[in-house]
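Structure first, commentary second.
The values are calculated or read from the model by the stated rules, or taken from the named source; none is laboratory data. No experiment lies behind these values; they were computed from the predicted model shown. Here the Cβ is made from the backbone with ideal geometry for all residues, glycine too, and neighbour counts use every protein chain on show. What goes into the accessible areas is simple: the full protein's heavy atoms, side chains included, and nothing from ligands, DNA or RNA. Shrake-Rupley method; radii C 1.70, N 1.55, O 1.52, S 1.80 Å.
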Amino acid sequence: DHKRLYVGLKAEDTFAALKMWARAIGDLNLAANSLQAVICQRLVRKLCTTCRVAYQPDTGMLKKLNLPVKRISQFYKSSGKVMVGNHEQPCPNCKGLGYLGRSAAFEVMVLDSAAKDLLRKGDTTGLRAHLRKNQMLWLQEAALAKVVNGETSISEVMRALGTGDNTGKTSHA
């Protein structure tokens with residue numbers, strides 16, 4: 001009879017949370033046996049669909065963000081304004097904020113038996129490679145998917161991920 005326990009940790013990403021968990025448990029074998037998954041999330045504001053503004057992203061920026069240059073023709077940014085006649089006015093939908101509502105981007109690390117073996121050995125490089133091979137998306141990639149589908153803006157993703165700039169650089173390679 002197994003009990004399920006959810007533990008909240010304040011961490012930058014799933015790997016930092018995993019490291020904190022292993023350190024708190026003090027035994028890599030016990031830490032690996034006790035986990036099924038590690039999830040990290042960030043909330044991003046959703047662009048107002050009434051006043052968002054489409055633009056063509058810079059190809060250099062797309063390359064830095066590791067996004068397919070040929071498949072992405074537009075991103076959106078916040079505006080907060082609409083044209084009424086010949087005058088710009090605050091958007092009636094978002095009250096001029098440019099954003100309306102929130103959405104979450106998730107980094108989900110599922111620990112299968114191979115991942116647990118790598119954790120027991122303390123092989124974080126091998127663990128990263130294994131998870132990547134099994135299609136794990138890093139938090140930045142999950143958030144950028146929301147930019148690509150028009151749900152939020154690049155600047156909002158950078159704000160939410162705490163990078164402070166618009167280059168898309170994070171600690172993940």
Worksheet item: Could you list, in sequence order, the residues of the range 47-72 that are assigned to a loop (DSSP other than H, G, I, E, B) and either open to solvent by 90 Å² or more (accessible area, probe 1.4 Å) or of a type in the set (D, E, K, R) (or both)?
Response: Thr49, Arg52, Gln56, Asp58, Asn66
Worksheet item: Which members of the range 97-129 meet the condition of being part of a helix (DSSP H, G or I), in contact (Cβ under 8 Å) with a residue 40 or more places away in the chain and of a type in the set (Ser, Thr, Tyr)?
Response: Thr124
Worksheet item: Cys94 passes all but one of (1) within 21 Å of Gly162 (Cβ to Cβ); (2) at pLDDT 95 or above; which number fails?
Response: (1)
Fill in: Which numbered condition Ser79 misses (of (1) more than 24 Å from Phe15 (Cα to Cα); (2) without any contact (Cβ under 8 Å) to a residue 40 or more places away in the chain; (3) out of contact with any Cys (no Cβ under 7 Å at 6 or more places or on another chain))
(3)
Practice prompt. Of the conditions (1) over 24 Å from Gly162 (Cβ atoms); (2) out of contact with any strand residue (DSSP E or B) (no Cβ under 9 Å at 6 or more places or on another chain), Met83 clears all except one; give me its number.
Written response: (2)
Discussion item. Could you go through the range 32-46 and let me know if any residue there is in a helix (DSSP H, G or I), in contact (Cβ under 8 Å) with a residue 24 or more places away in the chain and open to solvent by 60 Å² or more (accessible area, probe 1.4 Å).
Written reply: yes
